[in-house]
Each structure stands twice: as C-alpha cells, then as structure tokens.
Amino acid sequence: MSAHAAAGSVRYCGRIFTIEEIDRIRELLVSEPRRNRLQLSRVVCDELGWRSPAGRRKDMSCRVAMLRMHRDGLITLPPPQKGNGNGRTRPRLTSASDPREPITLPAGALGELLFRPVNT
C-alpha cells in the first residue's frame with residue numbers, strides 16, 4: 001500500500017484516491033455484484049470523473065488501479081471472467097523443464113544437433 005494511506009489517501013496509476021473515493025468504490029462493488037471488472041471500471045471512472053485530457057474514460061488505468069487495491073486488501077473485486085486476461089494458459093511444468101547444468105562446450109564440439117518439434 002502507498003505511503004499516503006496514513007494521510008488519508010493512496011496513489012495508484014498516477015492518481016491519488018481519497019479514502020472517501022475508495023469507500024465509494026466499495027459501495028459500487030457491493031451494490032452491483034453482477035458487474036464484471038470492465039463494467040465496474042467504467043462506472044468508477046464516471047463516478048470519480050477519471051478521464052484523459054481528451055475526455056475519454058481511463059478505464060484501463062482504473063482496472064489496473066482496482067486490481068492493485070484488491071491485492072492490497074482495500075477492496076474485493078469479483079473474480080475475472082476470462083482467467084488471467086491475456087487468453088494464454090500457463091504451460092504445465094514437468095521434470096523436463098527443471099534447470100540443468102549449463103552447456104559450456106563450443107557448438108562444434110557437440111556433434112550433430114537435431115531439432116524436433118514438440119507437441120504438448
């Protein structure tokens with residue numbers, strides 16, 4: 001959590017949030033439990049007037065800020081609807097992925113190198 005917390009405010013994504021604003025975000029989370037994180041960020045931007053100089057909502061910055069608030073224990077976000085958000089799954093680790101001794105020989109001393117595609 002930011003050092004400003006003791007002074008009644010916290011900084012996330014370049015914006016200082018007052019305790020009252022964090023309380024308002026909590027109220028929005030409780031009053032609209034069916035909203036997803038994107039919808040919540042739009043409502044929060046509208047409620048707090050968080051917009052870019054061009055007048056657009058700063059909803060991506062808002063989502064990042066709310067996630068950091070969630071991780072700092074200030075608010076409780078609904079679970080993400082699409083896993084980690086980037087659409088990729090984490091590879092399954094096996095003993096084959098464990099670190100091994102580094103190869104320090106020159107490439108010519110290794111003999112024939114064979115490359116095979118790996119299907120997972």
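Within the stretch 37-55, identify whether any single residue is in contact (Cβ under 8 Å) with a residue 40 or more places away in the chain and out of contact with any helix residue (DSSP H, G or I) (no Cβ under 9 Å at 6 or more places or on another chain), and answer yes or no. Even if it seems obvious, please write down each step before you answer.
Pass one, the stretch 37-55, residues in contact (Cβ under 8 Å) with a residue 40 or more places away in the chain: 37.
Subset that is out of contact with any helix residue (DSSP H, G or I) (no Cβ under 9 Å at 6 or more places or on another chain): none.
The answer is no, given that none of the residues of the stretch 37-55 is in contact (Cβ under 8 Å) with a residue 40 or more places away in the chain and out of contact with any helix residue (DSSP H, G or I) (no Cβ under 9 Å at 6 or more places or on another chain).
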Using beta carbons and a limit of 9 Å, which pairs, at least six apart or on different chains, have the first residue in the stretch 12-23 and within 13 Å of M60 (Cβ to Cβ) and the second one charged (D, E, K, R)?
-> Y12/R68; Y12/D72; C13/K58; C13/R68; R15/K58
Taking V118, is it part of a helix (DSSP H, G or I), at pLDDT below 95, over 15 Å from the mean Cα position of the chain (by Cα) and farther than 19 Å from S9 by Cα?
-> no
Give the stretch 23-73 a look and list any residue that's crowded, with 19+ Cβ neighbours inside 10 Å, part of a loop (DSSP other than H, G, I, E, B) and hydrophobic (A, V, I, L, M, F, W, C), or say none.
-> W50
Considering residues of the stretch 79-101 that are at pLDDT 80 or above and within 30 Å of M60 (Cβ to Cβ) only, the residue farthest from the chain's Cα centre (by Cα) = P79
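Taking the options T104, T76, name whichever one is in a loop (DSSP other than H, G, I, E, B), farther than 20 Å from F17 by Cα and modelled with pLDDT of 85 or more. Working first, answer last.
Numbers: T76 fails: farther than 20 Å from F17 by Cα.
Exactly one residue qualifies, and that residue is T104.
The values are calculated or read from the model by the stated rules, or taken from the named source; none is laboratory data. These figures come from a predicted structure and were not determined experimentally. Note that we place each Cβ from the backbone using ideal geometry, even for glycine, and neighbour counts take in every protein chain shown.
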